[in-house]
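Readers should treat all values here as calculations from the given coordinates under stated rules, not as data from a laboratory. These figures come from a predicted structure and were not determined experimentally. Cβ coordinates were reconstructed from backbone atoms using ideal geometry, including for glycine residues, and neighbour counts include every protein chain displayed.
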Amino acid sequence: MTLSAKTVSYACAFKRGLKPDPDLTVSQWADQNRMLSSIASGEPGRWRTVRTKYLQEIMDCLSPSSPIERVVFMKGAQIGGTEAILNWLGYIIACTPAPMMLVMPTVEIAQTTSKQRIDPLIESTPAIKKLISPSRSRDSGNTLMLKEFPGGILALRGANSAAGLRSLPIRFLGMDEVDAYPGDVEGEGDPVALCIQRTATFSNRKIIMVSTPTIKGFSRIEAAYAESDQRRYWVPCPKCKAYQILVWAQIRWSDGHPDQAFYECAHCQDRIHNSSKQWMLENGEWRAENPSATKVAGFHLSSLYSPHGWLSWGDIAVERVNAGKDISRIKTWSNTKLGETWEEEADSISGDDLLDRREPFGTLLPAGVVAITVGIDVQDDRLEAEFVGWGRDEESWSLDHRIIHGDPSGPAVWKDLDALLKRTFPHSRHAPDLKVLAAAIDTGGHYMLAASDFCRSRQDRRIWAIKGRGGPGVKLWPIRPTRNNKGRIPLFIVGVDAAKEAIYARLRINAPGPGYCHFPTDRDLEWFNQLTAESVATRYVRGRPKREWIKRSGDRNEALDCRVYAMACLHGLISMGLQLNKEADSMDKKPFKESGKPVEVIRKAGIRRVARSSWMGG
């Protein structure tokens, strides 16, 4: 009797499964086999662990010979964390095949990862390419979200899909950017817990959690790191050879030259330049601060360790200087560059605190405005819209607030809104009048179809249908819209929590500049109370803390919603290529109109002197 090719293949896979795991470590396999694709890497060619020496111990803890069961990697940007996971996946396919799952924050990100990272990994590495059939072949088992190979499978999943997380038992589990996972996935609980439950039947399982941290007390990766042996990477000084952890407090630069930042040794105070960083990394070592945790290896690494040629100390310093006093940008910098959680201030702000910020607006746009967006909120008996001007580093001016009374189910209010969105604004500089670049209309209420119909025929004017969504990990503006709605139009899911956090952080900035919010004198206390009507509260869902934005009882919040949508519009434009600072540079070269020359207004109240422009009137 002749056996079929498929039967022979299964028999061979079964025999391989009986073999013990190899002694080869993940880093050794990567050095011998991994090839970096020009599509997915800025340094194509053979992988060299010595280039990112700090990844060696992380990868080797994932090797079968290591007693470590779980690896936690809390990190900054441009460190190579994803590459370590990819090396591990390649090792599993080639050396110890078994069911494994890689989980990303959303299904969409998992699909993008498959195209941009997994497929290039397979295509450029001969040792695993020969084990996975081309995706073009019939019944190949190589699809966008599932890669089959002899003895195992690689399933890619999104943490926002409960069905995907509970679908199969797995021995190897990789979870990337866990702080961006939803707090609760479709009412079934914490996605991290659901994922780990998939590994329960394997006594020789391996799990890795990787993420940039977010908010203190709510960060999954911080909590996991606290339960680990808490390893930090110590590097020697090129001069005195004393070992130390790289910290931001030791970064120095001459006045006005953050791009030339250097590191000052904590022991001998010698200047260490970025060119010496590679030698420091190659001679560094991990040291555990909590060695009693024997099963969980935790690693913390900031972007200060990014290899020479990737991200310099000067790059990190420039980004911090450019953030200025904009708390939302400082928070992002702290998370992504220092790899540290951010401890937020109290999120409640009083409308009374903002009344003194009002300025007398005139008939001309301020010199700093280069783009205008509009946020529109739909209520049962009216539309409310805020026109927001944006300038360098997202400094903003509330140009106008309009209420259009009427029934949103009828055509009259939408006709009035259409005319309103066509208005133009004369500029204080010799520049063409500015038009509305984009507008966002909330379609999440009772009048979804009416709002969708209005947006449908105005896509060329960038009048976008949006729907707000709260929760961690929801980006302020999505990568792409969805058409899964009754109106069947492009619908943009807006991360309202991310927008509110940025807005409240900027409301605390008390001096004009990056992120500062300007308001005109015609805003009353009621409008400011609406703008500040919400605050963050913490409640526990199945034992896990959950942050929620709660509106004060009896208060309205239309002003806040309009600002959220206007900010979302701006980020939609940025995703399309708008560069505020470049536009501001161009606008600064244009002369002022005679009536728009800057003047100085002295406020006697509080003895405060503030530079103003004549567009503010008075």
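Beyond 32 Å between alpha-carbons counts as too far, so tell me which of K325/K475; K206/K546; K216/K295; K115/K435 fall in that bin.
Cα-Cα > 32 Å for K115/K435; rest within.
Using Stokes-Einstein with the Kirkwood hydrodynamic radius over Cα pairs, what translational diffusion coefficient do you get for region 354-616 at 25 °C and a viscosity of 0.890 mPa s, in µm²/s rounded to a whole number?
127
Pull up the DSSP beta bridges for region 5-337 and report the antiparallel fraction as a percent, rounded to 5.
Counting only bridges with both partners in region 5-337, antiparallel ones make up about 40 percent.
Taking the highest mean first, how do the peptides 494-501, 215-222 order by number of other beta carbon atoms within 10 angstrom per residue?
Listed from highest to lowest mean packing, they are 494-501, 215-222.
Give, in nm to one decimal, the length gained when the segment between C268 and R357 is fully stretched (0.36 nm per residue of separation minus the Cα-Cα distance).
Working it through step by step, the gained length comes to 27.3 nm.
Among 312-323, 349-360, how do they line up from the highest to the lowest mean number of other beta-carbon atoms within 10 Å?
Ranking the peptides 312-323, 349-360 by packing returns 312-323, 349-360.
Given a cut-off of under 8 Å on Cα pairs at least six residues apart, what relative contact order in percent is computed for the chain?
Here the relative contact order equals 12 percent.
Using Cβ counts within 10 Å as a stand-in for footprinting exposure, how do L365, L580 rank, fewest first?
By the 10 Å Cβ count, ascending, the order reads L580, L365.
Please pull out the direction-averaged projected area of region 203-289, using the convex hull of its alpha-carbon atoms, in nm² to one decimal place.
Projected area, direction-averaged: 8.3 nm².
Excluding N581 itself, calculate the net charge of residues whose Cβ lies under 9 Å from the Cβ of N581, where each Lys or Arg counts +1 and each Asp or Glu counts -1.
With Lys, Arg at +1 and Asp, Glu at -1, the neighbours total -1.
Mind grabbing the base-10 log of I(q)/I(0) for region 5-337 at q = 0.09, 0.12, 0.15 Å⁻¹? Debye formula, identical points on the C-alpha positions, no solvent, two decimal places.
Each listed q maps to, in turn, -0.50, -0.88, -1.32.
Please give the FRET efficiency for K435 paired with L168, using the beta carbon to beta carbon distance and R0 = 51 Å, rounded to the nearest 0.05.
After rounding, the FRET efficiency stands at 0.45.
Hey, what did region 342-451 get for relative contact order, percent, Cα under 8 Å, at least 6 apart?
Reported relative contact order: 27 percent.
Residue separation times 0.36 nm, minus the C-alpha to C-alpha distance between K115 and S535: what's the value?
Full-extension gain reported as 147.2 nm.
In whole Å, what are the extents of region 259-361 along the principal axes defined by its C-alpha atoms, from largest to smallest?
Largest first, region 259-361 extends 60, 39, 26 Å along its Cα principal axes.
Can you run phi through the Karplus equation (6.51, -1.76, 1.60; θ = phi - 60°) for region 27-37 and list ³J(HN,Hα) in whole Hz, with x for Gly and Pro?
Each residue of region 27-37 in turn: 5, 5, 4, 4, 5, 7, 10, 6, 10, 8, 7 Hz.
Once label points are set 7 Å from the Cα along Cα→Cβ at both S409 and N510, what is their separation, rounded to one decimal in nm?
5.0
Over region 156-269, what lengths in whole Å, largest first, do the semi-axes of the equivalent ellipsoid take, defined as the square roots of 5 times the eigenvalues of the alpha-carbon gyration tensor?
40, 18, 11
Using only DSSP helix segments of four residues or longer, with each worth -39500 (n - 2.57), what per-residue ellipticity at 222 nm results for the chain after dividing by its residue count and rounding to 500?
Result for the chain: -8000 deg cm²/dmol, rounded to the nearest 500.
On a full-extension model of 0.36 nm per residue, what is the gain between E282 and R556, subtracting their alpha-carbon distance, rounded to one decimal in nm?
92.9 nm
What percent does the relative contact order of region 354-616 come to when contacts are Cα pairs within less than 8 Å and at least six residues apart?
For region 354-616, the relative contact order is 25 percent.
Please give the direction-averaged projected area of the C-alpha convex hull for region 378-475, in square nanometres with one decimal.
7.8
What is the packing order of peptides 438-449, 194-205, taking the mean over residues of other C-beta atoms within 10 Å and listing the highest first?
438-449, 194-205
Out of residues 5 or more away from F299 or on other chains, whose amide H comes under 5 Å of its own, with H placed 1.01 Å from N in the peptide plane?
V72, F73, M74, R231
Using only the alpha-carbon atoms, what does the chain span along each of its principal axes? Please give whole angstrom values in decreasing order.
Sorted from largest, the Cα extents of the chain read 90, 67, 44 Å.
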